[in-house]
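Structure first, commentary second.
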Amino acid sequence: MTRQLSNIIIWAENKTGVFFRILWLFRRKQFNIESATVGHSETPGITRFTITVAGNENQIANMVKQITKLVNVIKAETVATDMLVYRELALMKVAVKNSREKGDILRVIEHFRGRAINMAKNTVTIEVTGDENKIDAFYENMKDFAVLEFVRTGRTALFK
Amino acid sequence: MKTRLKQGQKVQGAEIICECLLRAGVTVIFGYPGGANIPIYDALYKYPELRHILVRHEQGAAHAAEGYAWATGRPGVCFATSGPGATNLITGLADAMLDSIPMVCITGQVPSPLLGSDAFQEADILGMTLPVTKHNYLVTRADDIADVFAEAFYLAVAGRPGPVLIDITKDAQVDYAEFRYKENRDRLKKRLKLEATEEEIGQISSLLNEALRPLIVAGHGILLSGDGKTLLSVAEKQDIPVTLTQLGLSAIPHDHRLFMGMPGMHGNVAANRAPLETDVLLAVGMRFHDRVTSKVSAYAPQAKIIHIDIDPSEIGKNVMPHLGVVGDAKAVLGQLLPKLKSRKNPGWLKKFEAWKSEEQKKVFTRELLSPKLKSAQVIDEIARQTGFQATIVADVGQNQMYAARYYQYRKYNTHFTSGGLGTMGFALPAGMGAKLGDPGREVWIVIGDGGIQMTLQELATIVQEKTEVKIALLNNNYLGMVRQWQELFYKGNYSEVKLKNPNFQKLCEGFGISSLKAENLKETKEAINIARKSQGPFLIEFTVEAEENVFPMIPAGAGIGEMVVSLEELSKK
């Protein structure tokens, strides 16, 4: 599921259309975005993007130069994964048939240090955070149950 | 500069627009009014210093603004209304984007409450022009106009120039705001790197000081930096042969002993052979375009490449250099010059003489001595009669290659064309814009019978504005470049390239332009002489050989080593 990914971190003005300008550039340069997380940074008015893409070092370096040219972008850089601490957040809703199955599910959750954030009569909603491999493994373990919905945020990162 | 508004004065947005243009040093605007920009035209009425040229189609406005920018070094300015007016600008914006031409386009937009409602003449011009502008803005408040304009005019020329579009809703044009103008753009200025570091200069100079067969490939960046002399001084100090890409033509005098022609698909023999043998290639203000390098893997195989460009994203984009230096061409060459040892290189230069005489024999002599009228003869004759000093604005296709190859440019910055986008129809409005921007130039538009019909309507603008341009229409009744490819690579299947043209003489009469037709060399000489002597615009239709081919050429996908100099060489392959 997860390939060797490069991290591009971008700081940009929080203005209408800025995300579009960045996304458009990735499309124009023929990159497929594997994941993107966007949110406010520590500086008011500055948005921080963590984008992961597949590509060789040279392509990624060129891409970063192109992004840096955007007028609304303050800074962009590519960072080696081992220079970052990063996490993904995954949410999953699973159907539960009976209490034995519920016990099995809770054991998996415990193993992955997740949390059951909602328990309905016939479903459990789970939150798990970790790197992509952990989320992949969690999903693999849960495949035997009736997964109703699954969503993951993609990588969000800080410098070590 | 005479300004009309005081800081803090409360006026309508449209007036702020005109005032900002005045303060940006704009003298000429190319435009077309419509529903969504009428307020701007109303304000323009109060600003007679801003000369407005009423074009006949917005594409004409965009190309005219490009020609203006090329001739003056200042951003060309266009007005267009919303919807179709704005979409008609797009080809010109894309052209300016690829050729790094500073331009500011101001488009009207539907009133802001109607944005997104599919209102009359509404088009998402911000979204549409995003890929073809350096930056673009949507302004919905009169208060924001002054700031956006100051930034737009800065961006258009800063670093690598390019087009900027400002889309302004009609309510922002009509509403009142206090005029506040400040030119300070520190935030953006900090981002530019214009000079090389000492370490970089040390590396460049040591590579050049030890080079055995150095070669310079210089491009548009030399002209955009406003100086060809430093380049020439660098070349002269070390006897380095100079080749100029199509957009770099006229950066140094073409009759200089070190000028070795133009590289590329239809470039000169010497300029295409030299990269195969050079050991140090100094590329300045150019971007290793595919038309220059042909197959990249076969380009300059032995060379250590030094790439100097103002745009950091160009370094390593098409060709990975041995040494990449971000900086302005003039600045970096100026830093480099004192670090270079004086050297002579007669052995290396001798090779160029051999390559030059090969082309002379196989191409130039044949073309210029042809009994039937050839485009090369026309361009050569224009060159001679204008003393190699005129400004040539070339269109796209065979005519463009003839204009690049057969006019020996001796005056700095006198060759304009649509290089990157290859926009047919560019030359007619661009030539007009160049003349209007810099009336001191003798402007010759070189264009084919296909291209001229793409922006033909601008002949009316030329007449209305009494623009003194001379138009050399090379008529072969074909779309010549496509026909050449079909002849050489598509078994001679002439698919949709034959033109049944209008009677251009009558057309000129209808527009009110003096014209002549020349069918042989003698008539050509006379016609050019008459055109130069007569006042006002003049068109000469040259009936050139219908099936002439531009040589040398490098077939698409081939490496520069596979250049064919003549038709015979090609048929042998």
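Quick notes on this structure:
- Summed over the range A:23-40, the residues that are more than 14 Å from chain B (Cβ to nearest Cβ) and open to solvent by less than 50 Å² (accessible area, probe 1.4 Å) give a count of 6.
- Pair list, Cβ under 7 Å, 6 or more apart: the range A:138-158 residue closer than 15 Å to A:Ser35 by Cβ, other residue among the small types (Gly, Ala, Ser) and not in a strand (DSSP E or B): none
- Residues being in contact with a strand residue (DSSP E or B) (Cβ under 7 Å, 6 or more places away or on another chain), assigned to a helix (DSSP H, G or I) and outside the structural domain of B:Pro275 (by TED's automatic domain parsing) are represented in the range B:549-560 by at least one member.
- Here the range A:9-22 is the region considered, the condition is being within 14 Å of chain B (Cβ to nearest Cβ) and among the β-branched types (Val, Ile, Thr), and the residue that is most open to solvent (accessible area, probe 1.4 Å) is A:Thr16.
- Search result, residues across the range A:44-72 that are facing chain B (nearest Cβ under 9 Å) and in a loop (DSSP other than H, G, I, E, B): A:Leu70, A:Val71, A:Asn72
- Selection status of B:Asp143, surrounded by fewer than 19 Cβ atoms within 10 Å (Cβ to Cβ), farther than 28 Å from A:Phe26 by Cα and either among the acidic types (Asp, Glu) or in the same structural domain as B:Gly219 (by TED's automatic domain parsing) (or both): yes
- Listing of strands (runs of 3 or more DSSP E) fully contained in the range B:274-385 that carry 1 or more residues being within 14 Å of chain A (Cβ to nearest Cβ) and touching a helix residue (DSSP H, G or I) at 6+ places or on another chain (Cβ under 8 Å): B:304-309, B:323-326
- Filtered residues of the range B:111-129 (kept if touching a helix residue (DSSP H, G or I) at 6+ places or on another chain (Cβ under 6 Å) and either modelled with pLDDT under 95 or among the hydrophobic types (A, V, I, L, M, F, W, C) (or both)): B:Ala123, B:Ile125
- Matching residues in the range B:105-122 - criterion: being part of a helix (DSSP H, G or I) and more than 14 Å from every other protein chain (Cβ to nearest Cβ): B:Pro113, B:Leu114
- Subset of the range B:509-532 that is part of a helix (DSSP H, G or I) and within 26 Å of the chain's Cα centre (by Cα) - its residue that is surrounded by the most Cβ atoms within 10 Å (Cβ to Cβ): B:Ile528
- Annotation: B:Gln203 fulfils all but one of (1) polar (S, T, N, Q); (2) within 14 Å of chain A (Cβ to nearest Cβ); (3) open to solvent by 50 Å² or more (accessible area, probe 1.4 Å); the unmet one is (2).
- Leading residue by the ranking (farthest from B:Thr81 (Cα to Cα)) among those in the range B:123-142 that are among the β-branched types (Val, Ile, Thr) and assigned to a loop (DSSP other than H, G, I, E, B): B:Thr133
- Counting only helices (runs of 4 or more DSSP H) that fall entirely inside the range B:143-196 and contain at least 2 residues that are within 12 Å of chain A (Cβ to nearest Cβ), the qualifying elements are B:145-157, B:186-189.
- Each residue in the range A:58-79 was checked for being touching a residue at least 40 places away in the same chain (Cβ under 8 Å) and either in contact with a Cys (Cβ under 7 Å, 6 or more places away or on another chain) or open to solvent by 30 Å² or more (accessible area, probe 1.4 Å) (or both), and 4 of them qualify.
- Residue in the range B:558-570 that is more than 24 Å from B:Lys498 (Cβ to Cβ) and of a type in the set (S, T, N, Q) present: yes
- Counting the residues of the range B:42-80 that are crowded, with 24+ Cβ neighbours inside 10 Å and in contact (Cβ under 8 Å) with a residue 40 or more places away in the chain gives 21.
- Test: residue in the range B:81-91 that is farther than 26 Å from B:Ala430 by Cα, of a type outside the set (A, V, I, L, M, F, W, C), out of contact with any strand residue (DSSP E or B) (no Cβ under 7 Å at 6 or more places or on another chain) and surrounded by fewer than 19 Cβ atoms within 10 Å (Cβ to Cβ): no
- B:Ile125, sole failed condition from (1) away from chain A (no Cβ under 13 Å); (2) open to solvent by less than 10 Å² (accessible area, probe 1.4 Å): (1)
- Where a residue in the range B:7-25 is among the basic types (Lys, Arg) and its partner, wherever it lies, is not in a helix (DSSP H, G or I), with Cβ under 6 Å and at least six apart: B:Lys10/B:Tyr176; B:Lys10/B:Glu178
- Entry remark, the range B:238-279: residues being over 22 Å from B:Phe416 (Cβ atoms) and open to solvent by 10 Å² or more (accessible area, probe 1.4 Å) number 5 in total.
- Among the conditions (1) crowded, with 18+ Cβ neighbours inside 10 Å; (2) more than 14 Å from chain B (Cβ to nearest Cβ); (3) not polar (S, T, N, Q), A:Leu89 misses just one, which is (1).
The values are calculated or read from the model by the stated rules, or taken from the named source; none is laboratory data. Owing to the predicted nature of the structure, the values given are computational and were not obtained by experimental measurement. Reconstructed Cβ throughout: ideal geometry from the backbone, glycine too, with neighbour counts over all protein chains shown. With ligands, DNA and RNA removed, areas are computed over all heavy atoms of the protein, side chains included. Shrake-Rupley method; radii C 1.70, N 1.55, O 1.52, S 1.80 Å.
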